[in-house]
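Below: the structure, in structure tokens.
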């Protein structure tokens, strides 16, 4: 297994995909932080949201927005084997297919863990510096550390989930489109119109882990699941998809 993981790391660092997605995740996160701190949305002109410590935690939790990029990274890692037609040689070298998938999931879990910590650190320092230019509640590192655990858990699980989805849907383009449409269209709509269903979906489970309620200060956190339940839900999705991916991959006719 160690040799397989080393092989997967070599594959990852042989392309620019990790760098491109990491920079994209960083840019997306910083944009969210700057907008959250420096821009007052319509309807909040008479309220200084920065005086609310809970809102500051939501700003720091922008580090969790990298989840979609980790999801894509995992999808591309697995589906890319089929797209580039290297899956046959991969499975010939390691006939026990679940070991290949386990190695990929472990590799991207490690990468997600490192990236999550870096993004959280940048998010915390950026938020602290921006708050220093505004009339706001004091920045508390204790609150920031509460977000750290959720960021690490959420991004790791999303990376593993991405590998599983990339194995289930071997068409890379289709897998990415389905994942993005579900994340940015279907899940938000279900959350708005069918909250009793929407709160149990992966995105809202991640929001619970990051302690952002429904993903924003306008939502009522009481309407969503708690942090432990959010972790359990997201772990459940990841385990189910991983087992399904391993089973289908083992049965699939690669040639």
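The values are calculated or read from the model by the stated rules, or taken from the named source; none is laboratory data. Note that the structure is predicted; figures quoted are calculated from it, not measured. Counting neighbours? That spans all protein chains shown, and the Cβs are built from the backbone with ideal geometry, glycine included.
Below are the figures for this structure:
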{"item": "Options 14, 62, 7, 36; residue that is within 25 Å of the chain's Cα centre (by Cα) and either modelled with pLDDT of 90 or more or at positive phi (or both)", "result": "62"}
{"item": "Flag if residue 76 is crowded, with 20+ Cβ neighbours inside 10 Å and within 21 Å of residue 12 (Cβ to Cβ)", "result": "yes"}
{"item": "Test: residue in the range 201-208 that is at pLDDT 90 or above, touching a helix residue (DSSP H, G or I) at 6+ places or on another chain (Cβ under 8 Å), crowded, with 18+ Cβ neighbours inside 10 Å and in a loop (DSSP other than H, G, I, E, B)", "result": "yes"}
{"item": "Filtered residue count, the range 185-196, keeping only those that are under 17 Å from residue 234 (Cα atoms) and loosely packed, with under 12 Cβ neighbours inside 10 Å", "result": "1"}
{"item": "Residue within the range 49-64 that is within 26 Å of residue 235 (Cα to Cα), surrounded by fewer than 18 Cβ atoms within 10 Å (Cβ to Cβ) and out of contact with any helix residue (DSSP H, G or I) (no Cβ under 6 Å at 6 or more places or on another chain) present", "result": "yes"}
{"item": "Residue in the range 220-250 that is modelled with the highest pLDDT, counting only those that are surrounded by 14 or more Cβ atoms within 10 Å (Cβ to Cβ) and outside any helix (DSSP H, G or I)", "result": "225"}
{"item": "Answer from 144, 114 - the residue that is surrounded by 16 or more Cβ atoms within 10 Å (Cβ to Cβ) and out of contact with any strand residue (DSSP E or B) (no Cβ under 6 Å at 6 or more places or on another chain)", "result": "144"}
{"item": "Unmet criterion (only one of (1) surrounded by fewer than 21 Cβ atoms within 10 Å (Cβ to Cβ); (2) closer than 30 Å to residue 39 by Cα) for residue 170", "result": "(2)"}
{"item": "Failed criterion for residue 192 (all others in (1) at pLDDT below 90; (2) more than 27 Å from residue 81 (Cβ to Cβ); (3) in a loop (DSSP other than H, G, I, E, B) hold)", "result": "(3)"}
{"item": "Meets criteria (assigned to a helix (DSSP H, G or I) and free of Cβ contacts under 8 Å to residues at least 24 places away in the same chain) for residue 66", "result": "no"}
{"item": "Residue among 175, 124, 179 that is out of contact with any strand residue (DSSP E or B) (no Cβ under 6 Å at 6 or more places or on another chain), over 19 Å from residue 65 (Cβ atoms), buried (at least 17 other Cβ atoms within 10 Å of the Cβ) and touching a residue at least 40 places away in the same chain (Cβ under 8 Å)", "result": "175"}
{"item": "Out of 110, 118, sole residue that is over 15 Å from residue 7 (Cβ atoms) and out of contact with any helix residue (DSSP H, G or I) (no Cβ under 6 Å at 6 or more places or on another chain)", "result": "118"}
